[in-house]
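*Asks:* Let me begin by handing over the structure; questions about it come next.
The values are calculated or read from the model by the stated rules, or taken from the named source; none is laboratory data. For clarity, every value in this text was computed on a predicted model and none was experimentally measured. For neighbour counting, all protein chains shown are included, and Cβ atoms are generated from backbone atoms with ideal geometry for every residue, glycine included.
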């Protein structure tokens, strides 16, 4: 139970609990943002676990989640476009906070990993994670304006 | 059978099941204990055949016949979907309108599509070395293709994805898996036996005898099957409409 | 042993699964199922089963929501069409 | 397909191929000839897919 897994536990308890509560209750706009935040939080947790368990092969899971998490949110943004026009999702602060948190976790892990292929892999995962999070929240806020049948 | 009676029957059945489960739990080995009889044998067998990822060794070497069953299940379910979601006589196919997608989303989709496709192929190729395998990589690669539908619209996706090719690819990959199995028979050992190819050196791409081949066959089969599956769902949701224009 | 981590992951999956059952509207349920998929993937990773976790991630994060939402859209369009022609 | 657009198309595929091959090198653990061959082939497939996708989206 080293420091990494302890941090992962804390993030999972707080962040995970908040996102599950956010996605299960409240208006549709907030639920969709909670879904986006859940993947953007789970990716750093997986990175922390990969470091905590000392298994670099777990970074592949975080990489796939960084790639497919935002795709899932894009699916909801596109197919719920008509319903989301009623109440555009806000929660900008939460999205940026999670994006900053993800970036710091990646930077810390890069510092620990030291220069090399592992560090570049972490940077790629971090870049995909933050870009995906922001683009997905941008899509939620009205990226698919004209898609009646699209 | 009023609702109240039905609820009582459910409660009684549930209580019985709960009692049996609780009775069975103490007999289980302790959670996270050190004795793993199956695990030790499987790891020993997988290391004997130079396969680094034990799960891939179980999937494609020791229990390759079960994976043949899973492959058949996926193949049959996709055929079922294709038959059920076909365009019937009283339906017509309307061309999908181009959707207005904001620039950052479209640019993101066009950049992430090849990266996700490459990651999918990486997960398939390194199935027997790191966590992953044909199934996971195939789904990632297939989902990557559909970023085009999310980043632009269905017309763009249809131009890029000739559905006939994927149906043929699905069938080819499934038969590829079978042919690799029969090669074992022809080689004088059992069906799907991993005795033909050399096991190679540990933790390299060519290690594990026929495991990488079966992995690649499953990867291609799953990717093509998921593309065909999603194509039918997208056709129904976006294109096919009742004559009355619903 | 990292028991707290396993307990938190299990509780998260239990809460999310209950929410998935409690939510009745199919669109909202698809959202909760997506979050449940992610929670399950984390649980499998915590229990040292990365292959299963990767399968859950690959299927549960983008494929299942897409299938569910396309089905919901098809059913909604059929209802809207029937309403208009009547 | 005037020669100019064909050349631009080919350049784009080569550019995508180089980027994706580098990404493949980052992803893999041990580097040996077979990994490089498989990586080159996979990167080429993805580069062609990337160009096809960009052309399919077109000027919209």
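*Asks:* Which of the residues spanning the range B:1-30 are surrounded by fewer than 10 Cβ atoms within 10 Å (Cβ to Cβ), within 36 Å of the chain's Cα centre (by Cα) and not in a helix (DSSP H, G or I)?
*Replies:* Scanning the range B:1-30 gives B:28, B:30.
*Asks:* Sticking with this structure for a sec: Just to check your reading of the model, which residue among A:118, A:136 is under 23 Å from residue D:28 (Cα atoms) and surrounded by 17 or more Cβ atoms within 10 Å (Cβ to Cβ)?
*Replies:* Values: A:136 fails: under 23 Å from residue D:28 (Cα atoms).
Of the residues listed, the single one that is under 23 Å from residue D:28 (Cα atoms) and surrounded by 17 or more Cβ atoms within 10 Å (Cβ to Cβ) is A:118.
*Asks:* OK, next. Take the residues in the range C:47-86 that are under 21 Å from residue A:55 (Cβ atoms) and at the interface with chain B (Cβ under 7 Å from one of its Cβ atoms); name whichever of them is surrounded by the fewest Cβ atoms within 10 Å (Cβ to Cβ).
*Replies:* C:55
*Asks:* Kindly list the number of the only condition in (1) under 20 Å from the mean Cα position of the chain (by Cα); (2) surrounded by 15 or more Cβ atoms within 10 Å (Cβ to Cβ); (3) over 27 Å from residue D:33 (Cβ atoms) that fails for residue B:213.
*Replies:* Condition not satisfied by residue B:213: (3).
*Asks:* Looking at the range B:139-148, is at least one residue closer than 19 Å to residue D:22 by Cα and within 7 Å of another protein chain (Cβ to nearest Cβ)?
*Replies:* Checking the range B:139-148: not a single residue is closer than 19 Å to residue D:22 by Cα and within 7 Å of another protein chain (Cβ to nearest Cβ).
*Asks:* To continue, here is another question. When you go through (1) buried (at least 20 other Cβ atoms within 10 Å of the Cβ); (2) farther than 16 Å from residue A:95 by Cα; (3) touching a residue at least 60 places away in the same chain (Cβ under 8 Å) one by one for residue A:37, which number turns out not to apply?
*Replies:* (2) is the only condition that residue A:37 fails.
*Asks:* Another one. What is the one condition in (1) more than 14 Å from chain C (Cβ to nearest Cβ); (2) within 21 Å of residue B:114 (Cα to Cα); (3) out of contact with any helix residue (DSSP H, G or I) (no Cβ under 6 Å at 6 or more places or on another chain) that residue B:220 does not satisfy?
*Replies:* (3)
Residues checked against (1) in a helix (DSSP H, G or I); (2) at pLDDT 90 or above; (3) away from chain B (no Cβ under 11 Å); (4) more than 17 Å from the chain's Cα centre (by Cα):
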position	(1), (2), (3), (4)
D:14	yes, yes, yes, no
D:21	yes, yes, no, no
D:31	no, no, no, yes
D:43	yes, yes, no, no
D:55	yes, no, no, no
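*Asks:* So, one more: Tell me which residues, restricted to the range B:55-101, are away from chain A (no Cβ under 12 Å), assigned to a loop (DSSP other than H, G, I, E, B) and more than 17 Å from the chain's Cα centre (by Cα).
*Replies:* Result: B:85, B:86, B:87, B:88, B:89, B:90.
*Asks:* Please enumerate the residues belonging to the range B:102-122 that are crowded, with 21+ Cβ neighbours inside 10 Å and more than 7 Å from every other protein chain (Cβ to nearest Cβ).
*Replies:* Result: B:109, B:120.
*Asks:* OK, next. Return yes or no: is residue A:99 within 10 Å of chain C (Cβ to nearest Cβ) and within 30 Å of residue B:153 (Cβ to Cβ)?
*Replies:* On the way: within 10 Å of chain C (Cβ to nearest Cβ): no; within 30 Å of residue B:153 (Cβ to Cβ): yes.
In short, no.
*Asks:* Output yes when any residue across the range A:76-93 is facing chain C (nearest Cβ under 7 Å), over 18 Å from residue A:129 (Cα atoms) and not in a helix (DSSP H, G or I), and no when none is.
*Replies:* yes
*Asks:* Still on this structure, I have one more. Restricting to the range A:42-72, and then to whatever is out of contact with any helix residue (DSSP H, G or I) (no Cβ under 7 Å at 6 or more places or on another chain) and under 14 Å from residue A:3 (Cβ atoms), can you tell me which residue is farthest from the other protein chains (Cβ to nearest Cβ)?
*Replies:* A:54
*Asks:* Can I ask one more? Mind checking which residues of the range A:7-23 are closer than 14 Å to residue C:20 by Cβ and more than 15 Å from the chain's Cα centre (by Cα)?
*Replies:* A:21 - this is the single residue of the range A:7-23 that is closer than 14 Å to residue C:20 by Cβ and more than 15 Å from the chain's Cα centre (by Cα).
*Asks:* Sticking with this structure for a sec: Sort through A:18, A:10 and tell me the only one that's free of Cβ contacts under 8 Å to residues at least 60 places away in the same chain and within 17 Å of residue A:96 (Cβ to Cβ).
*Replies:* Criteria check complete, one pass: A:18.
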